[in-house]
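Here is the structure we will look at, set down as structure tokens.
The values are calculated or read from the model by the stated rules, or taken from the named source; none is laboratory data. This is a predicted model, so every value here is computed, not measured. Note that each Cβ is placed from the backbone with ideal geometry, even for glycine, and that neighbours are counted across all protein chains shown. For accessibility, only protein heavy atoms count, side chains too; no ligands or nucleic acids. Shrake-Rupley method; radii C 1.70, N 1.55, O 1.52, S 1.80 Å.
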Amino acid sequence: MDTEKIILGIDPGTTIMGFGLIKVVNKKMHFMQLNELQLKKYDNHYVKLKLIFERTIELIDSYHPDEIAIEAPFFGKNVQSMLKLGRAQGVAMAAGLSRDIPITEYSPKKIKMAITGSGNASKEQVAKMLQSTLGLKELPKNLDSTDGLAAAVCHFYNEGRIEVGKNYSGWGAFVKNNPKKIG
């Protein structure tokens, strides 16, 4: 009997949200799509968050992913940028959680390590490795979409491993695991 599932990978951002989808059939990965949501032209941060939520819901309703892998925000020096990035990640997660889709977060280093073998790989190295692994004909101009795809592939590679990242199977699980972050 064939086993099949779809993994949506998301690289959240308030300028560009990258995403990629893979289908796993009998433990073999197949490329489905990669793309990005351009948010540069919007000045209002709340409009950007609304668009991230709506696009994520649209992806879920169109492709019916079984799982979502999302890149966790890296730690930077600019607190305002970190806050905005965290909000972008949060609304993408909320979209998945609202549809009861399990979500796993991965650090940028963990994603790079899973794809290239080096946690310090460049975006270009990650993109080239994905191109080779998945047989992509060409790479996009912006590599945010390959970062989203990389999150999905990282999740595939880490499946079945214990302690791969933070998992949330729904709102209840999120609240239970984050009591201090809620209320």
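Check ILE103, ILE57 and return the single one that is crowded, with 16+ Cβ neighbours inside 10 Å, over 19 Å from ASN142 (Cα atoms) and within 13 Å of the chain's Cα centre (by Cα). Even if it seems obvious, please write down each step before you answer.
Values: ILE57 fails: within 13 Å of the chain's Cα centre (by Cα).
Exactly one residue qualifies, and that residue is ILE103.
With the checklist (1) at pLDDT below 95; (2) of a type in the set (Gly, Ala, Ser); (3) part of a helix (DSSP H, G or I) in hand, flag the one item ALA92 doesn't pass.
Failing condition for ALA92: (1).
Looking at the range 115-133 only, could you name the residues that are part of a helix (DSSP H, G or I) and open to solvent by 30 Å² or more (accessible area, probe 1.4 Å)?
Result: THR116, LYS123, GLU124, GLN125, LYS128, MET129, GLN131, SER132, THR133.
Of the residues TYR63, TYR46, which is of a type in the set (Ser, Thr, Tyr) and in contact with a strand residue (DSSP E or B) (Cβ under 9 Å, 6 or more places away or on another chain)?
Being of a type in the set (Ser, Thr, Tyr) and in contact with a strand residue (DSSP E or B) (Cβ under 9 Å, 6 or more places away or on another chain) holds for just one of TYR63, TYR46, which is TYR63.
Which count do you get for residues in the range 25-69 that are of a type in the set (Val, Ile, Thr) and out of contact with any helix residue (DSSP H, G or I) (no Cβ under 6 Å at 6 or more places or on another chain)?
Adding up the residues that qualify gives 3.
Does the range 138-159 hold any residues that are open to solvent by 80 Å² or more (accessible area, probe 1.4 Å) and at pLDDT below 90, and which are they? Steps first, answer last, please.
Step one: filter the range 138-159 for residues open to solvent by 80 Å² or more (accessible area, probe 1.4 Å), giving 138, 141, 157, 159.
Scanning the range 138-159 gives LYS141, GLU159.
Would you pick out the residues in the range 31-47 that are touching a Lys or Arg at 6+ places or on another chain (Cβ under 9 Å) and touching a residue at least 60 places away in the same chain (Cβ under 8 Å)?
The answer is PHE31, and nothing else.
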